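The values are calculated or read from the model by the stated rules, or taken from the named source; none is laboratory data. Being a predicted model, the structure only gives us computed values, none of them experimental. FYI the Cβ positions are ideal-geometry reconstructions off the backbone, even for glycines, and counts take in every protein chain you see. Just so you know, the surface numbers come from the protein's heavy atoms only, side chains and all, with ligands and any DNA or RNA stripped out. Shrake-Rupley method; radii C 1.70, N 1.55, O 1.52, S 1.80 Å.
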Amino acid sequence: MPELPEIEAWRRALDAPVSAFPIAKAGPAHVATLKTFDPPLSALEGRRLSGAERRAKRLLFPTDDGELVVLVHLMTAGRLKYLEFGEKGPKTPAFRLVFEGGAQLVLTEAGARKRAGVWVLNAEEAAQELAHLGPDALGIGAERLAEICAVESRRLHSMLRDQRVIAGIGRAWANEILHHAKLSPYELTRDVTPGEVERLAEAIDAELTRGLDLRERGANDKRTYRVHDSLGAPCYVCGTPIAQVDFEEHTIYYCPECQTGGRVLKDRRLSRFRR
């Protein structure tokens, strides 16, 4: 699933193009992709977008009159692309905006399952839709992070992925961040020391910034991730093979030497938890 670095890279790339011309035609949209019906898609036609914004893993495209917001959540397989006039695009995108002059913003989604979503909301509804999200991960700082750890009681990997607590980090960047911070994914939030909180805050900024820079330069997953999805590959710090803990819906990747003092972590299906 695209996370903060990927979504922010898209936001920066789309910000200027989507505001260049008014919307000539909104739609069509796949029935599973469009999550709202009032206001209708046609309410966007004739309006100009003010640009692209981001909140956590969501992209927002407000109209320049401040009345409407197009909210996009790409989920796992959704992708947004701005097509110049005449540039070939998909025949049946999941969602499409056509601008005056012929340029298009298209949403595609690989696979049969349509999980990506588009909402057309008024400004108040958009604020309500995002109200449950925690503070943005990038720039969160050690002080705010310490406050969060003090009130949470869970494992670090789980906390980092909870959008209600810290917004923007998912499975992949949680793996990268915890490796950078040299912290076990199973360490409990209530047990982290002030020094570990400092390391974790620094790692969040360092890894998300590194990821954003690479994504803006077009780097693929293989060039971007150093720990995530790298089972058996040598750790880039110490050379120890990267290990994994496999869960039903996600996989944790970590270095036993850098992060767990040589201990191998077990999942519920294989053994009891060990930190």
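Placing +1 on the Cβ of every Lys and Arg and -1 on the Cβ of every Asp and Glu, with no other charges, gives region 128-274 a dipole of roughly 560 debye about its Cα centre.
Note on the chain: GNM, Cα springs under 10 Å; of Ile140, Ile204, Ile166, the largest mean-square fluctuation is that of Ile140. From the square roots a ≥ b ≥ c of the eigenvalues of the alpha-carbon gyration tensor of region 1-114, which class results: rounded (a/c under 1.5), prolate (a/b over b/c), or oblate? Judged from the Cα gyration tensor, region 1-114 comes out rounded (a/c under 1.5).
Secondary structure note: in the chain, about 95% of the DSSP beta bridges are antiparallel. Rg/Rh for region 125-275 (Cα atoms only, Rh after Kirkwood) is 0.96. Which pairs, out of Lys25/Lys57; Lys88/Lys222; Lys35/Lys88; Lys57/Lys88; Lys114/Lys222; Lys57/Lys222, put more than 24 Å between their alpha-carbon atoms? In this structure, Lys25/Lys57; Lys88/Lys222; Lys35/Lys88; Lys57/Lys88; Lys114/Lys222 lie more than 24 Å apart at Cα.
Just checking the listed ones, Leu44, Leu130, Leu160: in the Gaussian network model of the chain with Cα springs under 10 Å, the one fluctuating most is Leu130. Against the chain, whose longest principal axis comes from its Cα atoms, helix 141-151 is set at around 70 degrees.
Within the listed set Asp38, Asp136, Asp162, the residue fluctuating most in the Gaussian network model of the chain (springs between alpha-carbon atoms under 10 angstrom) is Asp38.
From the square roots a ≥ b ≥ c of the eigenvalues of the alpha-carbon gyration tensor of region 1-44, which class results: rounded (a/c under 1.5), prolate (a/b over b/c), or oblate?
oblate
Within the accessible surface of the chain, defined with a 1.4 Å probe on protein heavy atoms only, the carbon and sulfur portion equals 50 percent.
Looking at the calculated P(r) for region 53-99, what percent of the C-alpha pair distances fall above 12 Å? Beyond 12 Å sits 71 percent of the P(r) for region 53-99.
Per-residue ellipticity at 222 nm computed for the chain from its helices equals -9000 deg cm²/dmol, with DSSP H segments shorter than 4 residues left out and the rest contributing -39,500 (n - 2.57).
Longest segment of the chain with no chymotrypsin sites (Phe, Trp or Tyr not before Pro) in a DSSP loop having at most 13 other Cβ atoms within 10 Å?
Values: sites that count: Phe37, Phe85, Tyr236, Phe247, Phe273.
Counting only loop sites that pass the neighbour cut-off, the longest clear stretch is 86-235.
For the chain, the square roots of the Cα gyration tensor eigenvalues, ordered a ≥ b ≥ c, give a/c of at least 1.5 with a/b greater than b/c, which places it in the prolate category.
For the chain, the per residue solvent-accessible surface stands at 48 Å², with DNA, RNA and ligands left out and a 1.4 Å probe.
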